[in-house]
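The values are calculated or read from the model by the stated rules, or taken from the named source; none is laboratory data. From a predicted model like this one, the values you see are computed outputs, not experimental measurements. Backbone-built Cβ (ideal geometry, glycine too); neighbour counts: all protein chains shown. We work out accessible area using only protein heavy atoms, side chains counted, and drop any ligands, DNA or RNA first. Shrake-Rupley method; radii C 1.70, N 1.55, O 1.52, S 1.80 Å.
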Amino acid sequence: MKVRTARKKNKLKNVIIVIIILTVLTLISIYLYYTYQNIDINNSNYETQRTQSTINKEIVEKETKNSTKVADILEETMKSVVGISKLKDNGASIFSNNNETSLGLGTGMIVSENGYILSNEHVTGGKYSTCYVTLENGSVYDGTVVWSDSDLDLSITKIEVNGLKYITLGDSNKIRIGETVYAIGNPIGFEFRRTVTSGIISSKNRTIKLEEGNNVSYMSDLIQTDATINPGNSGGPLIYPNGEIIGINTVKISSAEGIGFAIPINVVKPVINTFIEKGNFEQATLGVYAYDKEVIPYLNKSISFGKGIYVAQIVKNGPASHSELKEGDIIVSIDGNELNNMNDLRTYLYSKKPNDMVSLQISRGKINKNLNIILR
């Protein structure tokens, strides 16, 4: 009897607990219902936009703006690009349907307002040669080559005219592989004058071997680009999108597409600046034939060195012939300026004058020496 009574009490207790729980849940539900019924819903229309679409629009607008800016700069730069011919055409301009072979057609660029023109030596001819320069407006002027360097294949020609728009010189020491560049030139003839091609800097400090007839020569420290360089582009500018020239277009690999080369502008800056400031340039020479580590493997694979340039030959009766410098020496620095390639030496010598003394640090096996040489 007692057991049955206990069970009834437990059952009643459980029922009461369930009833209490249900009652509490019911009250909570009622409270929540009336609470949310009183919340104001803002029915205003919100302005929505697709984030991705906005970003794409901004990118397109930015690219369009940049493209317009570059186009404007290229248009201005082209005013400083000239046509050069070794032969005078019978027409109003040297640009004609004749090709580069018949007229010796090439390109140059104005580097001063008073008529100094930078180009390739193989376009203008050597020092004291004459050529014909056509400006953007079609005017033709007689030009005289006032400086040239066969090793660099560069020349400077003077025309007697003032008030010219000249190109801005950049800094070829700061170029980086992958940067965008533009080449401007006069390929083929009149129909394609001032052609602009674009590409990137593919490599730096390139060395190429040139074989012309029985002559073999080497051009080193070149800028490689995939911007199209055609016959007639020689002597034209390789420029940044901001219009600064970083190189002078010179040659292309005929057996492959997209491999062209330009001479770094920095090597010839001292020459240009001297002509602009003084109207003349006296070239100082050291009297050696030397090669950097990029060229020497073509000549002798057994020779190996790190920094410096290798002295292959000393010019008889030249400045270096009266010093302790010997063939086979490595010139490590000049006046404390480290030499990594031939253009380092050329650029420094272009800043000096005949009769200036320079100090060379050389390496000869395990021996290091300092030599003083008077330039001529």
message: So ILE239 passes all but one of these: (1) under 25 Å from the mean Cα position of the chain (by Cα); (2) hydrophobic (A, V, I, L, M, F, W, C); (3) at pLDDT 95 or above; (4) open to solvent by 10 Å² or more (accessible area, probe 1.4 Å). Which condition number does it fail?
response: (4)
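To keep it simple, each residue is scored yes or no on (1) crowded, with 20+ Cβ neighbours inside 10 Å; (2) of a type outside the set (S, T, N, Q).
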residue: LYS127; (1), (2): no, yes
residue: TYR132; (1), (2): yes, yes
residue: GLY138; (1), (2): no, yes
residue: THR144; (1), (2): no, no
residue: LEU152; (1), (2): yes, yes
residue: GLY170; (1), (2): yes, yes
residue: ILE201; (1), (2): yes, yes
task: Find the residue count for region 116-154, including only residues that are in contact (Cβ under 8 Å) with a residue 60 or more places away in the chain and of a type outside the set (Asp, Glu).
output: 11
query: Which is closer than 20 Å to ILE84 by Cβ and out of contact with any helix residue (DSSP H, G or I) (no Cβ under 6 Å at 6 or more places or on another chain), of GLY260, GLY199, GLY235, GLY213?
result: GLY260
message: Of everything in region 88-131, what is farther than 23 Å from ILE229 by Cβ and at pLDDT below 80? Give them in sequence order.
response: LYS88, ASP89, ASN90, GLY91, ALA92
message: So PHE192 ticks every box in (1) at pLDDT below 90; (2) under 26 Å from the mean Cα position of the chain (by Cα); (3) among the aromatic types (Phe, Trp, Tyr); (4) open to solvent by less than 30 Å² (accessible area, probe 1.4 Å) but one. Which box is left unticked?
response: (4)
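Assess whether PRO231 counts as being within 18 Å of THR124 (Cα to Cα) and open to solvent by 50 Å² or more (accessible area, probe 1.4 Å). Give the derivation first.
Details: within 18 Å of THR124 (Cα to Cα): yes; open to solvent by 50 Å² or more (accessible area, probe 1.4 Å): yes.
Against the criterion (within 18 Å of THR124 (Cα to Cα) and open to solvent by 50 Å² or more (accessible area, probe 1.4 Å)), PRO231 qualifies.
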field: Residues of region 340-361 classified as touching a residue at least 40 places away in the same chain (Cβ under 8 Å) and closer than 15 Å to ASP292 by Cβ, total
entry: 8
- request: Give GLU212, GLU179, GLU160 a once-over and let me know the one that is of a type in the set (Asp, Glu) and open to solvent by less than 80 Å² (accessible area, probe 1.4 Å).
  value: GLU179
- prompt: Are there any pairs, at least 6 apart or on different chains, whose C-beta atoms fall under 9 Å, with the first in region 165-179 and closer than 17 Å to SER112 by Cα and the second hydrophobic (A, V, I, L, M, F, W, C) and assigned to a loop (DSSP other than H, G, I, E, B), and if so, which?
  reply: TYR166/VAL111; ILE167/VAL111; LEU169/VAL111
- line: Going through (1) closer than 30 Å to SER359 by Cβ; (2) assigned to a strand (DSSP E or B) one by one, GLY247 fails only at (1)
- request: Go through (1) surrounded by 14 or more Cβ atoms within 10 Å (Cβ to Cβ); (2) more than 14 Å from GLY260 (Cα to Cα); (3) in contact with a strand residue (DSSP E or B) (Cβ under 7 Å, 6 or more places away or on another chain); (4) not aliphatic (A, V, I, L, M) one by one and return the number of the condition SER217 breaks.
  value: (1)
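Within region 282-338, track down each residue that is under 32 Å from the mean Cα position of the chain (by Cα) and among the β-branched types (Val, Ile, Thr).
Step one: of region 282-338, the residues under 32 Å from the mean Cα position of the chain (by Cα) are 282-301, 303-312, 330-338.
Within region 282-338, THR285, VAL288, VAL295, ILE296, ILE303, ILE309, VAL311, ILE330, ILE331, VAL332, ILE334 qualify.
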message: Just to check your reading of the model, which residue among TYR289, TYR310 is touching a residue at least 24 places away in the same chain (Cβ under 8 Å), of a type outside the set (Gly, Ala, Ser) and over 18 Å from LYS204 (Cα atoms)?
response: TYR289
message: So for region 220-235 (the condition being at pLDDT below 95, assigned to a strand (DSSP E or B) and more than 15 Å from ARG176 (Cβ to Cβ)), does at least one residue qualify?
response: yes
